[in-house]
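What follows is a set of notes on a single structure, which appears directly below.
The values are calculated or read from the model by the stated rules, or taken from the named source; none is laboratory data. Keep in mind the model is a prediction, meaning the values are calculated, not measured. We place every Cβ from the backbone using ideal geometry, glycine too, and count neighbours over all the protein chains shown. Side chains are part of the model used for accessible areas, which takes the heavy atoms of the whole protein and leaves out ligands, DNA and RNA. Shrake-Rupley method; radii C 1.70, N 1.55, O 1.52, S 1.80 Å.
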Amino acid sequence: MGGKIEALEVLWSALPRLLAGVRVTVELTALFLGVGLVSGFLVAVAQVYGRGPLRWGATVFEQVFRGVPALVLLFLLYFGLTEVGISRLAAAVLALGLRSGAYQSQIFRGALLAVPTGQLLAARALGMTGLQTIRHVVLPQAVRLALPGWSNEYAIVLKDTSYVFAIGLVELMREGTYIVARTFGRYSLEVYLFVALVYLVLVYGGNLALSLLARRLAIPGQEARAESLERM
Amino acid sequence: MALLEVKDIHKRYGTEQVLKGVSFQVERGQTVVVIGPSGTGKSTLLRCINRLTEPDRGQVWLDGVEVTSPRADINRIRAQIGFVFQDFNLFTHLTALDNVRLGLVRVKRLPREQATRRAREELARVGLADKEKAYPAQLSGGQQQRVSIARALAMDPKLILFDEPTSALDPELIGEVLQVMVELAREGMTMVVVTHEMGFARSVADEIIFMEGGVIVEHGPPERLFTSPQVPRTAEFLNKISELYGET
């Protein structure tokens with residue numbers, strides 16, 4: 001292991017590359033969460049309000065993508081899809097995005113079910129359609145109910161972007177390994193400490209932002225939920 | 001022609017026949033109070049009227065339109081029937097004003113300003129003009145129920161159905177809700193009220209329906225039903241209720 005000063009110098013000179021890696025990590029996180037948000041929401045709606053094959057199909061999807069390890073999913077889609085000309089980025093987005101969708105679906109399902117049915121009846125009794133009821137009564141409440149769980153999912157997805165280094169996408173973790181290799185492993189610990197610190201800051205910052213959002217959205221008289229999120 | 005006509009309504013849950021052919025009429029401006037032991041289908045009957053629960057058999061007619069017709073525009077009909085729930089069922093994420101305004105904006109498609117004005121009027125009518133910015137969790141049960149009555153009134157309903165509107169309230173909060181209902185009855189609102197409040201039934205009802213076991217056992221004006229019921233079971237029930245509540 002080299003000296004402390006040299007380690008800082010190595011990190012300093014590699015900083016542009018590392019920051020480029022951070023950017024890719026953030027972009028991947030946004031992509032995975034975005035794909036997960038859309039697919040997870042659709043799966044949750046199918047599971048809660050759907051019936052027959054729709055509901056059944058949603059549940060099969062959810063079970064498969066929750067039941068197979070992330071790395072295995074990533075390899076499956078990478079080797080399966082790059083064969084038919086799909087880019088490795090797209091394969092990664094499908095694998096980890098849909099995996100997050102499977103998890104997010106369960107967050108949303110719980111949130112949808114937690115909206116009291118009496119309010120759905122009240123909306124229907126006013127003459128609102130099913131869609132209006134979902135849009136104006138269920139969703140505004142479900143979003144608030146889903147935030148604590150979603151905050152957790154954000155942290156998991158962010159950290160799990162590091163898996164994609166295994167299929168050769170160059171993000172923070174892979175940039176880290178490049179520096180380690182270029183310096184012949186003399187600064188492995190320092191480099192990975194730095195990488196860990198970046199993840200930690202991103203997780204903390206994101207969770208902080210989400211808890212502020214939860215506090216902003218808290219319904220007066222029901223603030224307890226937002227506070228419990230802040231303690232997470 | 002009666003404003004509301006309920007004909008031979010049947011409803012079964014699984015093997016349990018909850019409603020076994022219920023028929024009655026409500027004239028415009030009348031208040032009909034439905035009484036009877038718990039679990040005898042009173043709430044189910046109310047929900048069959050606006051088809052929150054789909055009846056298995058029978059018809060409901062509102063102002064000459066068949067509510068139970070498969071071709072009926074049920075959302076349009078529901079907008080003409082107010083419904084007040086035992087547990088208020090206010091939208092917890094909306095202020096009192098927005099609770100009252102939601103149906104006006106989304107169902108009646110009133111312009112925002114007009115909807116706001118109307119919602120304020122109705123909140124004032126139930127004595128809550130100063131609570132428009134409050135959320136349900138910041139209101140007492142009695143205030144929440146009054147907001148839900150305002151929500152129903154704002155839609156300009158032809159009829160309001162009340163499903164045990166005071167049963168979830170602390171005793172000292174019952175009065176403020178009953179008072180609003182009494183005023184509505186005096187103003188000529190047509191109402192069907194399921195309740196155990198015999199004082200209210202006695203002073204306000206034009207007609208009392210006593211239900212048990214999914215059928216109407218007896219019905220008639222309160223003077224007759226309370227003083228000389230024709231069916232022994234009615235007398236027995238009224239006695240029991242008066243023992244429990246201390247008044248009939």
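Kindly list the number of the only condition in (1) over 23 Å from B:MET155 (Cα atoms); (2) without any contact (Cβ under 8 Å) to a residue 24 or more places away in the chain; (3) crowded, with 19+ Cβ neighbours inside 10 Å that fails for B:LEU178.
Of the numbered conditions (1) over 23 Å from B:MET155 (Cα atoms); (2) without any contact (Cβ under 8 Å) to a residue 24 or more places away in the chain; (3) crowded, with 19+ Cβ neighbours inside 10 Å, the odd one out for B:LEU178 is (1).
Can you pull out the residues in region B:205-234 that are in a helix (DSSP H, G or I), β-branched (Val, Ile, Thr) and open to solvent by less than 20 Å² (accessible area, probe 1.4 Å)?
B:THR234
Could you run through region B:154-201 and say how many residues are touching an Asp or Glu at 6+ places or on another chain (Cβ under 8 Å) and assigned to a helix (DSSP H, G or I)?
So the count comes out to 5.
For region A:163-184, indicate whether the set of residues that are of a type in the set (D, E, K, R), open to solvent by 30 Å² or more (accessible area, probe 1.4 Å), more than 14 Å from chain B (Cβ to nearest Cβ) and over 18 Å from A:ALA20 (Cα atoms) is non-empty.
Among the residues of region A:163-184, not one is of a type in the set (D, E, K, R), open to solvent by 30 Å² or more (accessible area, probe 1.4 Å), more than 14 Å from chain B (Cβ to nearest Cβ) and over 18 Å from A:ALA20 (Cα atoms), which makes the answer no.
Across region A:143-154, what is the number of residues that are hydrophobic (A, V, I, L, M, F, W, C) and open to solvent by less than 10 Å² (accessible area, probe 1.4 Å)?
Number of matching residues: 1.
Which one of the conditions (1) part of a loop (DSSP other than H, G, I, E, B); (2) away from chain A (no Cβ under 14 Å) does B:VAL60 fail to meet, given that it meets all the rest?
(1)
If B:LYS11 satisfies all but one of (1) open to solvent by less than 40 Å² (accessible area, probe 1.4 Å); (2) part of a loop (DSSP other than H, G, I, E, B); (3) among the charged types (D, E, K, R), what's the number of the condition it fails?
The failed condition is (2).
Among the numbered criteria (1) modelled with pLDDT under 95; (2) of a type in the set (Phe, Trp, Tyr); (3) outside any helix (DSSP H, G or I), which one does B:PHE237 miss?
Status for B:PHE237: all satisfied but (3).
Go through (1) within 24 Å of B:PRO157 (Cα to Cα); (2) assigned to a strand (DSSP E or B); (3) open to solvent by less than 20 Å² (accessible area, probe 1.4 Å) one by one and return the number of the condition B:LEU19 breaks.
(1)
When you scan region A:12-30, how many residues do you find that are crowded, with 19+ Cβ neighbours inside 10 Å, more than 8 Å from A:LEU172 (Cα to Cα) and not polar (S, T, N, Q)?
2
Name the residue that is most open to solvent (accessible area, probe 1.4 Å), counting only residues in region B:110-143 that are assigned to a helix (DSSP H, G or I) and within 11 Å of chain A (Cβ to nearest Cβ).
Only one residue fits best here, namely B:GLN138.
Got a number for residues in region B:22-81 being within 17 Å of the chain's Cα centre (by Cα) and of a type in the set (Lys, Arg)?
Result for region B:22-81: 5.
Which is crowded, with 20+ Cβ neighbours inside 10 Å, β-branched (Val, Ile, Thr) and within 11 Å of another protein chain (Cβ to nearest Cβ), of B:VAL6, B:VAL32, B:VAL67, B:VAL84?
Criteria check complete, one pass: B:VAL84.
I need a count of the residues in region A:40-72 that are of a type outside the set (Phe, Trp, Tyr), in contact with a helix residue (DSSP H, G or I) (Cβ under 7 Å, 6 or more places away or on another chain) and in contact (Cβ under 8 Å) with a residue 24 or more places away in the chain.
Adding up the residues that qualify gives 10.
When you go through B:ASN75, B:ASN99 one by one, which is the residue that is among the polar types (S, T, N, Q) and open to solvent by less than 10 Å² (accessible area, probe 1.4 Å)?
The conditions single out B:ASN99.
Among what's in region A:101-119 and is within 14 Å of chain B (Cβ to nearest Cβ) and out of contact with any helix residue (DSSP H, G or I) (no Cβ under 6 Å at 6 or more places or on another chain), pick the residue that is most open to solvent (accessible area, probe 1.4 Å).
A:THR117
So B:LEU46 fits all but one of (1) more than 14 Å from every other protein chain (Cβ to nearest Cβ); (2) open to solvent by less than 30 Å² (accessible area, probe 1.4 Å); (3) not in a loop (DSSP other than H, G, I, E, B); what number is the exception?
Only one criterion in (1) more than 14 Å from every other protein chain (Cβ to nearest Cβ); (2) open to solvent by less than 30 Å² (accessible area, probe 1.4 Å); (3) not in a loop (DSSP other than H, G, I, E, B) is unmet by B:LEU46, namely (1).
Please find, within region B:87-109, the residue that is farthest from the other protein chains (Cβ to nearest Cβ) out of those that are assigned to a loop (DSSP other than H, G, I, E, B) and within 15 Å of B:PRO157 (Cα to Cα).
B:LYS108
Pairs, please: C-beta under 8 Å, at least 6 apart or cross-chain, first residue at positive phi and in region B:129-156, second in a helix (DSSP H, G or I) and crowded, with 24+ Cβ neighbours inside 10 Å?
From region B:129-156, no pairs qualify.
Here's the yes/no breakdown for (1) more than 7 Å from every other protein chain (Cβ to nearest Cβ); (2) touching a Lys or Arg at 6+ places or on another chain (Cβ under 9 Å); (3) within 20 Å of B:MET155 (Cα to Cα):
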residue	(1), (2), (3)
A:LEU121	no, yes, yes
A:ALA125	no, yes, yes
A:MET128	no, yes, yes
A:THR133	yes, yes, yes
A:HIS136	no, yes, yes
A:ALA142	yes, no, no
A:ASN152	yes, no, no
A:ILE156	yes, no, no
